[in-house]
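Chemist: Handing you this structure, nothing more for now.
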Amino acid sequence: MPLAPLPPLAGDPDPGGADCVDCGRCCHHGPQTVSLHDADERRMGEATMKRLTIIEPRGPGFRFMKNDGDRCGALDLSEPGKYPCAVYDVRPEGCRIVEAGSPCCLEARALGHLGYSVEFTRRSPATPRS
Ligand code: SF4
Ligand code: SF4
């Protein structure tokens, strides 16, 4: 059964990430969105990889985080309305790059899920306001 999408969130998040647990919009995405590389696999360890990742059945066989419907399978959904990553300390580089306030984050908040139109870039350095 498809999961209900989350409602969009208005405004910028706390740049330090204080809003992330209550938000989780960037962890709501289609399957085969978060790929893992060698360093990610080493950091995550075999047991977590077995539980939470899959290898693409065709092609070169890249490894991805497993999905639970329209969201990443690593989200801890035990508390309603909260979306903490259950593997935060060992999360893949592709997740680390989505910093609170980055273009990807802002698009995810505006859509209610991770979008497709922005590059996965880190947050721009603060620009002085005039
Ligand atoms: S969309 Fe932004 S605020 Fe929301 S969880 Fe992701 S990084 Fe944090
Ligand atoms: S691994 Fe964690 S941070 Fe990355 S998409 Fe999944 S829940 Fe979100």
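We did not get these values from a lab; they are worked out from the coordinates using the rules stated. Note that this is a predicted model, so its numbers are computed, not measured. Glycine also receives a Cβ, built like all others from the backbone with ideal geometry; neighbour counts cover every protein chain displayed.
Chemist: Run the paramagnetic zone check for D22: 7 angstrom along Cα to Cβ, then residues of the range 88-114 with backbone nitrogen under 20 Å.
Modeler: 99-102, 105-114
Chemist: Then there's this: On a full-extension model of 0.36 nm per residue, what is the gain between I97 and D14, subtracting their alpha-carbon distance, rounded to one decimal in nm?
Modeler: 28.3 nm
Chemist: Rounded to the nearest 0.05, what FRET efficiency do Y88 and Q32 have when you use their Cβ-Cβ distance and R0 = 25 Å?
Modeler: 0.75
Chemist: Would you please give the residues with an amide H less than 5 Å from that of R71, counting only those at least 5 places away or on a separate chain, with H modeled from the backbone geometry?
Modeler: It is H29, by chain and number.
Chemist: Also, I was wondering about something else. What are the ³J(HN,Hα) couplings of the range 75-92, residue after residue, when phi is run through the Karplus curve with 6.51, -1.76, 1.60 and θ = phi - 60°? Round to Hz, x for glycine and proline.
Modeler: My calculation for the range 75-92 gives 6, 8, 9, 5, 10, x, x, 10, 9, x, 7, 6, 10, 3, 5, 10, 4, x Hz in order.
Chemist: Continuing with this model, one more query. Along the charge dipole of the range 1-55, Cβ charges K/R +1 and D/E -1, which of P13, V34, I54 sits furthest on the positive end?
Modeler: Working it through, the farthest residue towards the positive pole turns out to be I54.
Chemist: When only C-alpha pairs under 8 Å and at least 6 residues apart count, what is the relative contact order of the chain, in percent?
Modeler: 34
Chemist: What's the exposure ranking of V21, V34, going from fewest to most Cβ atoms within 10 Å?
Modeler: Neighbour counts put them in this order, fewest first: V21, V34.
Chemist: What list do you get for C95, C27 if you sort them by fewest beta carbons within 10 Å?
Modeler: The most exposed by this proxy come first: C95, C27.
Chemist: What residue among G101, G16, G115 shows peak mean-square fluctuation when the chain is described by a Gaussian network model with Cα springs under 10 Å?
Modeler: Taking springs between Cα atoms under 10 Å, the residue moving most is G16.
Chemist: Let me ask something else about it. Stretch D76-K50 to full length: gain in nm at 0.36 nm per residue minus the Cα-Cα span?
Modeler: Roughly 7.6 nm would be gained on extension.
Chemist: From the gyration tensor of the Cα coordinates in the chain, what semi-axes in whole Å does the equivalent ellipsoid have, largest first, with each one equal to sqrt(5λ)?
Modeler: Working through the eigenvalues yields semi-axes of 25, 17, 14 Å.
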